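S.K.: My questions will all concern the structure given below.
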Amino acid sequence: MKNTAEWLEIESGNRKYVYRWWPEDRPWANVGIIHGLGEHGGRYHPLAESLAAAGMTVSAFDQQGHGRSSEARGRVRSYQALLDDVAAFLAWNADQHPTVPTVLLGHSMGGNLVINYSLRDYPQPSLAIASSPMIRLTAPPNRTFLQIARLVARVFPHFTLRSKVVAEHLMSDPVEQQMLRDDELFHSQLTLRLGAGLLDSGPWAIEHAQRLKTSLLLTHGTRDYRTSHKASAEFAERAGARCQLELLEGELHDPFRGLERERVISRFVQFIRGASELETRH
């Protein structure tokens, strides 16, 4: 398997640090990964290796305010700009492999973006996967805090908040937990602008779930300490037949980094293969 990491222009004037993985043989699907809050594309190397071993090309990029991007940690131009970057990345990704289906896979914040992207007037991927999407927090901030934060955000949109990240609350595999602790590019910062965008886009997604344009697999661990699996279930119910919900009993926030990762990743592959074959027949 071959993999690279380099600065690439995914559209005119829009350079991103992009990670890419290729299978040994000709690919049958093309997966673009949208990473979560505080993460970067390189953190998805183990997942990408598994998907490449199954015959898919995989790519990921560092979002605004993350990884090797030029913005300060946790700072974004706007929530809309994040969705626009997803659109540019999707188009670039599809151009690399135009003869096979393109899949958007997002985790946590990335899952939020994939879902919101799939509800809006953008060119759509062949398939989408949202893992533990940040539709609603498991323990939402209280109303008083939100009111104060919104007032401050009007004057200081880049005011930065920090959260404590406990690796044991995210994944069950001790090796993956230590990898997170050792990751120098991982951070736990977000600006009020980014926080507001994420908090507002979750309820909007539930309210407009019936707009879902793409076949979506939505997976969520029932022991997720960060994002609400109940919100995912509510979204799936409203979205209807286009959304396949899989609640992972007993799993934490990062199931594909847990001790049962093979079962979770196999479900991703099964969904992509099944939907891709159905698309080919039609």
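S.K.: Suppose the filter is among the polar types (S, T, N, Q) and not in a helix (DSSP H, G or I); does Gln64 pass it?
M.R.: Here the answer is yes, as Gln64 does meet what is asked.
S.K.: Could you say whether any residue in segment 89-101 is under 30 Å from Arg162 (Cα atoms), at pLDDT 95 or above, of a type in the set (Gly, Ala, Ser) and open to solvent by 10 Å² or more (accessible area, probe 1.4 Å)?
M.R.: There is no residue in segment 89-101 that is under 30 Å from Arg162 (Cα atoms), at pLDDT 95 or above, of a type in the set (Gly, Ala, Ser) and open to solvent by 10 Å² or more (accessible area, probe 1.4 Å).
S.K.: At least 2 residues that are closer than 18 Å to Ala139 by Cβ and touching a residue at least 24 places away in the same chain (Cβ under 8 Å) in each: list the strands (runs of 3 or more DSSP E) lying fully within segment 183-282 that qualify.
M.R.: Of the strands (runs of 3 or more DSSP E) lying wholly inside segment 183-282, those with at least 2 residues that are closer than 18 Å to Ala139 by Cβ and touching a residue at least 24 places away in the same chain (Cβ under 8 Å) span 215-221.
S.K.: Residues of segment 180-207 being more than 19 Å from the chain's Cα centre (by Cα) and open to solvent by 20 Å² or more (accessible area, probe 1.4 Å), which ones?
M.R.: Matches in segment 180-207: Arg181, Asp182, Glu184, Glu207.
S.K.: Further, regarding this structure: Identify, please: which residue in segment 138-173 is of a type in the set (A, V, I, L, M) and out of contact with any helix residue (DSSP H, G or I) (no Cβ under 8 Å at 6 or more places or on another chain) and is, among those, least open to solvent (accessible area, probe 1.4 Å)?
M.R.: This residue is Val166.
Rundown of residues vs (1) crowded, with 24+ Cβ neighbours inside 10 Å; (2) on the phi > 0 side of the Ramachandran plot; (3) in contact (Cβ under 8 Å) with a residue 12 or more places away in the chain; (4) hydrophobic (A, V, I, L, M, F, W, C), yes/no style:
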site: Ala5; (1), (2), (3), (4): no, no, yes, yes
site: Glu9; (1), (2), (3), (4): no, no, no, no
site: Ser12; (1), (2), (3), (4): no, no, no, no
site: Trp21; (1), (2), (3), (4): yes, no, yes, yes
site: Glu24; (1), (2), (3), (4): no, no, yes, no
site: Gly32; (1), (2), (3), (4): yes, no, yes, no
site: Gly41; (1), (2), (3), (4): yes, no, yes, no
site: Leu47; (1), (2), (3), (4): yes, no, yes, yes
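S.K.: Please tell me if Gly240 is more than 15 Å from the chain's Cα centre (by Cα) and exposed (fewer than 15 other Cβ atoms within 10 Å of the Cβ).
M.R.: yes
S.K.: I've got another one for you. Using the structure shown, decide if Glu176 is open to solvent by less than 50 Å² (accessible area, probe 1.4 Å), assigned to a helix (DSSP H, G or I) and among the acidic types (Asp, Glu).
M.R.: yes
Residues checked against (1) aromatic (Phe, Trp, Tyr); (2) touching a Ser or Thr at 6+ places or on another chain (Cβ under 9 Å); (3) over 25 Å from Leu252 (Cβ atoms):
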residue: Ser172; (1), (2), (3): no, no, no
residue: Glu176; (1), (2), (3): no, no, no
residue: Arg181; (1), (2), (3): no, no, no
residue: Phe186; (1), (2), (3): yes, no, no
residue: Leu192; (1), (2), (3): no, yes, yes
residue: Ser201; (1), (2), (3): no, no, no
residue: Arg211; (1), (2), (3): no, yes, yes
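S.K.: Which residue is modelled with the lowest pLDDT, if the candidates are limited to segment 51-70 and must be open to solvent by 10 Å² or more (accessible area, probe 1.4 Å) and polar (S, T, N, Q)?
M.R.: Ser70
S.K.: Counting only residues that are among the small types (Gly, Ala, Ser) and in contact (Cβ under 8 Å) with a residue 40 or more places away in the chain, how many does segment 75-103 have?
M.R.: Result for segment 75-103: 4.
The values are calculated or read from the model by the stated rules, or taken from the named source; none is laboratory data. Quick caveat: nothing in here was measured; it's all calculated off a predicted structure. Neighbour counts are summed over all protein chains in view; Cβ atoms, including those assigned to glycine, are modelled from backbone coordinates with ideal geometry. Please note that ligands, DNA and RNA were not included when accessible areas were found on the heavy atoms of the full protein model with its side chains. Shrake-Rupley method; radii C 1.70, N 1.55, O 1.52, S 1.80 Å.
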